[in-house]
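Notes for the one structure printed next.
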Amino acid sequence: MFETPGLDNLKVIDNAEDPIMKNRDIKIKINTAGVNPIDHIVVSGMLPKILPFPHIPGAESSGIVEQIGSHVSNDNIKVGDRVVVHNKVFDGTCDMCLNGLDMICRNGGLIGAITNGGFAEYISVPERNVFKVPDDLNWDVAASLPVTSLTPYHALNEASVKLNEFLLVFGASGSTGMIAVQLAKKMGTKVIAVSRKNWIKTDFGADYVINDYDKVVEQVKEITQGKMAEIVMNSLGVGTWESSVESVGINGRLVTFGGLTGADVKLNIQSLYRKQIKLIGSTGGTRKELLDLITIAGKEGLKVKVWKKFKLDEVKEALQALFAKEREGRILLDIT
Ligand SMILES: [Zn+2]
């Protein structure tokens with residue numbers, strides 16, 4: 001937890017109080033937590049609202065049900081079940097929520113940002129945020145569903161991917177990238193992965209790999225025989241922005257949900273409207289989409305490549321590792 005924002009202020013506390021449990025809450029013993037850029041943003045104090053203080057970060061968690069509140073109505077969830085936490089706080093009554101878009105609730109926010117998060121041994125969350133996963137689903141995958149998988153899945157849906165379209169994924173061997181590649185293949189697109197690693201093709205099913213970030217545009221041109229990609233997914237931000245825009249074909253879509261290399265980009269509006277390009281922002285995902293992912297992860301299998309797993313008291317190193325140039329794959333916290 002931290003009392004003042006800043007990575008150096010992050011402390012591991014041995015005698016933290018148990019989370020406060022309301023009647024409709026479920027208390028979870030965390031097994032594995034995902035480490036994501038959003039956690040770094042929270043710890044650095046780059047969000048306008050962080051509550052409570054001292055604050056426990058952690059936006060992506062999975063674990064075992066420890067205790068069930070007295071007014072919880074979901075009979076399907078029992079003590080001992082494996083679950084993941086949908087990380088959105090939402091009121092369920094605003095126009096966005098009524099439309100099924102609880103991740104952009106007008107009065108909402110993120111678990112781990114406006115509430116304490118899952119970089120802890122226990123978390124207590126409302127029952128509607130708790131989703132059961134199959135008993136045989138491995139923890140690395142479970143801890144990668146609520147943010148790392150949900151984010152690119154929702155982005156693919158927002159970009160209305162269609163059968164046989166070319167999808168260009170930047171940072172394909174990163175956390176969300178490798179999931180995007182697998183899901184997009186299941187959705188019937190032809191995936192061009194931008195990555196220095198060939199395992200994204202051999203192990204994760206990308207149709208093409210572009211290893212050289214400087215040659216993306218010319219190689220996309222070659223692969224698509226001049227048409228360029230129907231959809232470009234860029235969650236890396238400014239570093240790959242120019243080649244993202246240039247790689248979108250006529251009537252194509254450019255979707256973004258992150259800006260790891262910086263968020264301030266330059267855009268020539270003509271380059272957008274002359275080709276009738278749609279620029280799409282995407283954030284999180286719906287509870288229905290999370291349910292889809294749990295089903296897919298269990299039945300068809302969803303693979304996660306873990307780069308490094310840290311213990312809870314190495315949380316600073318884990319957050320710093322997000323920016324390691326040599327990173328390929330996920331960073332997780334093992335909280336068993
Ligand atoms: Zn709402």
Phi-derived 3J(HN,Hα) across segment 103-118 with the Karplus relation (6.51, -1.76, 1.60, θ = phi - 60°), rounded Hz, x for Gly and Pro, is 6, 10, 3, 5, 10, x, x, 10, 5, x, 10, 9, 9, 5, x, x
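Looking at the square roots a ≥ b ≥ c of the eigenvalues of the Cα gyration tensor of segment 1-135, which shape do they give, rounded for a/c under 1.5, prolate if a/b is larger than b/c, or oblate?
oblate
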For segment 17-64, listing trypsin sites (Lys or Arg not before Pro) in a DSSP loop whose Cβ sees at most 10 other Cβ atoms within 10 Å gives LYS49
Simple SL model, points at 7 angstrom along Cα→Cβ for VAL79 and ASP91; separation in nm is 3.6 nm
Per DSSP loop assignment and a cutoff of at most 12 other beta carbons within 10 Å, the chain keeps its longest run without exposed GluC sites (Glu not before Pro) at 18-325
In degrees rounded to 10, the 0-90 angle between helix 175-186 Cα long axis and the longest Cα principal axis of the chain is 70 degrees
On the formula 1/(1 + (r/R0)^6), with r taken between the Cβ atoms of LYS311 and LYS288 and R0 of 35 Å, the FRET efficiency rounded to 0.05 is 0.55
Over the chain, the sum of -39500 (n - 2.57) across DSSP H runs of at least four, divided by residue number and rounded to 500 deg cm²/dmol, gives at 222 nm -5500 deg cm²/dmol
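Of LYS88/LYS185; LYS11/LYS325; LYS11/LYS201, which sit over 31 Å apart, Cα to Cα?
Result: LYS11/LYS201 exceed 31 Å.
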Low-density loop trypsin sites (Lys or Arg not before Pro), segment 246-336, at most 13 other Cβ within 10 Å, DSSP non-H/G/I/E/B, are LYS266, ARG274, LYS325
Note to self: with every protein chain in place and a 1.4 Å probe, segment 116-239 gives an accessible area per residue in Å² of 37 Å²
Longest principal axis of the chain (C-alpha) makes with the long axis of helix 287-296 (C-alpha) an angle, in degrees to the nearest 10, of 80 degrees
Of segment 269-299, those with amide N under 18 Å from the point 7 Å along the Cα→Cβ vector of VAL217 are 269-278
Given Cβ charges of +1 for Lys and Arg and -1 for Asp and Glu, the option among ILE26, SER73, MET187 whose Cα lies farthest towards the positive end of the dipole of the chain is MET187
Descending accessible area (1.4 Å probe), largest on the left, turns TYR273, TYR153, TYR122, TYR208 into TYR273, TYR208, TYR122, TYR153
Rounded to a whole %, the carbon-and-sulfur portion of the accessible area of the chain at a 1.4 Å probe is 49 percent
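The values are calculated or read from the model by the stated rules, or taken from the named source; none is laboratory data. Quantities reported herein were computed from a predicted structural model and do not represent experimental measurements. Counting neighbours? That spans all protein chains shown, and the Cβs are built from the backbone with ideal geometry, glycine included. SASA here: full protein model, heavy atoms, side chains in, ligands and nucleic acids out. Shrake-Rupley method; radii C 1.70, N 1.55, O 1.52, S 1.80 Å.
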